[in-house]
Amino acid sequence: MGESRTPICDYEGSDYQEKFWEHGSREYEDRVEAIALKRLLPEDGTRLLEVGAGAGRNTSRYRGFRQIVLLDYSRTQIELAQQRLGESERYVYVVGDVYRLPFAQEVFDAATMIRTLHHLVEPQNALSQIRPTLVPGSIFILEYANKRNLKAVARWVFRRQSWSPFDPEQIEFAELNFNFHPRVVHTWLKQAGFSPGRKLTVSHFRLNLLKRLVPINVLVALDSMMQRTGDWAQLTPSVFQVSSVEGTPGRVREGSIWRCPECGSRELQKTTEGLSCRGCKRIWPVRNGIYDFKNPM
Ligand SMILES: C[S@@+](CC[C@H](N)C(=O)[O-])C[C@H]1O[C@@H](n2cnc3c(N)ncnc32)[C@H](O)[C@@H]1O
């Protein structure tokens, strides 16, 4: 069956969008992430892949792209995204696993993965799945949770925390929640075939006390200025790293974007039920405008 073999942080049925973002006093984090994305995104493009899209919190920020493909492991998150963004040819909603992406090679000219790497047990595997789906000249924006952040450094110095923020090893601070060392993420990106570029440090002031005392507009303006220091030092809990795919810039491949995540065949035929794979005979259902690559019929 379409079950992943790697442990997954399952958001099925989660109220993450509502609880964490809409009622969780995270306006500051949301706004500074929007600024970072705006700085790193190209003006326009053909087709962008959003990995771990969740409820589509960031999707409307990919303004210049003609089409956006939202992929998430959780069907309920994708359903929420569809409710928020609506059904249109511009948005393609996909339930799938980053470790077994259902996409052909070179069908995207941009990809993002925001607040998702920190749930991945096999981050390197995920990065090397994303890379072939991108055409040369593409960009990939990755947000990750930084273990070498100022708070962790202070806690370690004052012996309030046993693990060293300078140790390259990732830290699992809660089940399926990891913080990574920036140097290690850089190496993984290179190993996956990306050319890491500019870094922006984000959420410099993620402290409840500060958020209570200082007006949000001030914190956002200061964060926006400080994001540009990201290429010199990364001491924030969140880092936005842009990478490029080297090579002569080309156009995204025409035709179908799909590839069977089970057998790798590119021959998926549209039927009334969904996409039928000629290689392994599985049928990947399409229900209510959502492609499901997790549970074949
Ligand atoms: C913290 S949420 C972030 C959602 C969105 N990117 C945002 O910033 O609002 C992490 C998302 O990653 C998804 N996810 C976790 N593991 C995944 C996997 N193996 N493949 C695809 N999505 C995954 C979860 O279902 C969840 O929606």
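The values are calculated or read from the model by the stated rules, or taken from the named source; none is laboratory data. Note that this is a predicted model, so its numbers are computed, not measured. Every residue, glycine as well, gets a Cβ built from its backbone with ideal geometry; the counts of neighbours run over all protein chains shown. Calculation scope for accessible area: heavy atoms of the full protein, side chains included, ligands and nucleic acids excluded. Shrake-Rupley method; radii C 1.70, N 1.55, O 1.52, S 1.80 Å.
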Subject >> Unpaired by the 4.7 Å Cβ criterion, cysteines found in the chain >> reply: CYS9
Subject >> At 1.306 mPa s and 10 °C, Stokes diffusion of segment 1-130 via Kirkwood alpha-carbon radius, µm² per second >> reply: 104
Original post:
Over all pairs of distinct alpha carbons, what does the Kirkwood formula give as the hydrodynamic radius of segment 123-196, in Å?
Top reply: 13.7
Subject >> Subset of LYS19/LYS190; LYS147/LYS211; LYS190/LYS281 violating a 24 Å alpha-carbon distance limit >> reply: LYS19/LYS190; LYS190/LYS281
**OP:** Report the charge-dipole magnitude of the chain in Debye, nearest 20, computed about the Cα centre from +1 at each Lys and Arg Cβ and -1 at each Asp and Glu Cβ.
**Re:** 620
Original post:
Where does each of 51-64, 108-121, 25-38 land if you order them by average Cβ count within 10 Å, highest first?
Top reply: 108-121, 51-64, 25-38
Original post:
Which Rg and Dmax, in Å, describe the Cα atoms of the chain?
Top reply: 19.2, 62
Original post:
log10 I(q)/I(0), Debye, Cα-only segment 202-297, no solvent, q = 0.12, 0.23, 0.25 Å⁻¹?
Top reply: -0.70, -1.13, -1.25
Original post:
Counting pairs of alpha carbon atoms under 8 Å apart in space and at least six apart in sequence, what relative contact order in percent does the chain give?
Top reply: 20
Subject >> Length-normalised contact order of segment 228-292 in % [C-alpha pairs under 8 Å, at least 6 apart] >> reply: 15
Original post:
What percentage of the solvent-accessible surface of the chain, computed with a 1.4 Å probe over protein heavy atoms, is contributed by carbon and sulfur atoms?
Top reply: 50
Subject >> Relative contact order [Cα under 8 Å, 6+ residues apart], segment 9-166, whole percent >> reply: 20
Original post:
When the Cα centres of segment 1-55 and segment 161-213 are compared, how far apart do they sit, in Å?
Top reply: 17
